[in-house]
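**Q** This is the structure I want to talk about, given as C-alpha cells.
Please treat every number below as a calculation from the coordinates, not as lab data. This is a predicted model, so every value here is computed, not measured. Quick reminder, even Gly has a Cβ in these numbers, built from the backbone with ideal geometry, and neighbours come from all protein chains shown.
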Ligand SMILES: NC(=O)c1ccc[n+]([C@@H]2O[C@H](COP(=O)([O-])OP(=O)(O)OC[C@H]3O[C@@H](n4cnc5c(N)ncnc54)[C@H](OP(=O)(O)O)[C@@H]3O)[C@@H](O)[C@H]2O)c1
C-alpha cells in the first residue's frame, strides 16, 4: 500500500474502498469483508449511504487491528450545525461500532457547515477524530473555510475521473495543503471505462482500464476509493501497485478531460433534492 501524509501529520492509505449505493446490508457487509480480505484498509462511507452498520459489522468480523484501518464517514446536511453535528457523529460511531474515526468529512457544502466545522474541530482536539475534512467544496468555499478557521481541512473529497479532472480545484488544494480524494474515480462505472485511449494503455500493461485510471489517481497523488460489489473487481481494483504509467501516458490521460461531471452541485434542483434527504 502507498500512503500519503495529511496536513496534520497522519498517514492515510492512497487507495480505499467506497460503499455508496450499496444499500443492501448483507451485500455491503460481504463487499467490505471481501475488500478487507483483498488488502484494502481505507473504507469510505457516510451517514447518507445508510450502511454504516453493515460496514461496522464487516470491520468487526474481519478481526483486523483497529489501528491498521482508516475509517471515513461523513456528516449529512440535516446535521450540519454546531449542536446536531455532535449527535450525528456519536450516531455514526455507534453504527460503525467504533470509538474513534480516522476521518470525518462534511459531506456537502450546504447547511450551517461553519457551525458543524466548529464542533468537528472540538471532537478533533479531544482526539475522537484523527483528521477532519470536507467533500464537494469548490475552491471558493474551501479557501473561505480555511481563512475563517483555526483547523484546516485535511482532505477535500471531490468528483474526479479522466472525464472530469477539476485541474484548477486540485491546484488550489495542493497550494492550500488540502489532500484531494477522488469520488467516482471510475466515472461511476460509465463510458470512461470504454475509452479507446485508456484501452490502448491498459493493453500495454496487461491491466484493465479501471486499473489504469486508479493508477493515474495514485501517480497524481489523489486518494482514490473505487466501489464494487463483485469480488473479481474488488480484487483487481486493488492490484495496481506493480506497474507505473510513464510521464507521457500521464500527460495523455490528462488530455482526456471533457468537463463531463456526474453531479452539478450548482444545480438548484440538486441542492433542493440533497437538502431534502433525511438520514434518520
Ligand atoms: N462525497 C461524495 O459526494 C461522493 C459521491 C459519490 C461517491 N463517493 C464515494 O466514492 C466511492 C466511489 O464512487 P462510486 O461508487 O460513485 O463510483 P466508482 O467507484 O467510480 O464506480 C463504481 C461503479 O463501477 C463499477 N466497477 C467497479 N470496478 C469496476 C471494474 N474493475 N470494471 C468495471 N466496472 C467496475 C461498479 O460496478 P459493480 O459494483 O457492479 O462491480 C460500479 O457500478 C463511493 O462508493 C463513495 O464511497 C462520494
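**Q** What share of Cα pairs, in percent, lie more than 15 angstrom apart in segment 75-180?
**A** The calculated P(r) of segment 75-180 puts 60 percent of pairs beyond 15 Å.
**Q** Can you list the equivalent-ellipsoid semi-axes of segment 136-280, largest first and in whole Å, using the square root of 5 times each Cα gyration tensor eigenvalue?
**A** Details: eigenvalues 158, 69, 43 Å².
After diagonalising the Cα gyration tensor, the semi-axes are 28, 19, 15 Å.
**Q** Another question, then. Please compute, over every Cα-Cα pair in segment 1-142, the percentage with a separation greater than 19 angstrom.
**A** That fraction is 49 percent.
**Q** Using alpha carbons only, how many degrees (0 to 90, rounded to 10) separate the axis of helix 52-62 from the longest principal axis of the chain?
**A** Approximately 70 degrees, to the nearest ten.
**Q** Could you work out how much longer the chain between residue 251 and residue 112 gets when fully extended? Use 0.36 nm per residue separation minus the Cα distance between them, nm to one decimal. Walk me through the numbers on the way to the answer.
**A** On the way: separation 139, 0.36 × 139 = 50.04 nm, distance 3.96 nm.
Extending this stretch completely gives an extra 46.1 nm.
**Q** Of all DSSP beta bridges in segment 3-276, what percent run antiparallel (nearest 5)?
**A** Given both bridge residues lie in segment 3-276, the antiparallel proportion sits at roughly 15 percent.
**Q** Related question: For the residue pair residue 268 and residue 230, what label-to-label distance in nm results when each label sits 7 Å from Cα along the Cα-to-beta-carbon direction?
**A** Once both label points are built, they end up 4.1 nm from each other.
**Q** Here's another thing I want to ask about it. Based on a Kirkwood Rh over C-alpha pairs, give the Stokes-Einstein translational diffusion coefficient of the chain at 37 °C and viscosity 0.692 mPa s in µm²/s.
**A** 173 µm²/s
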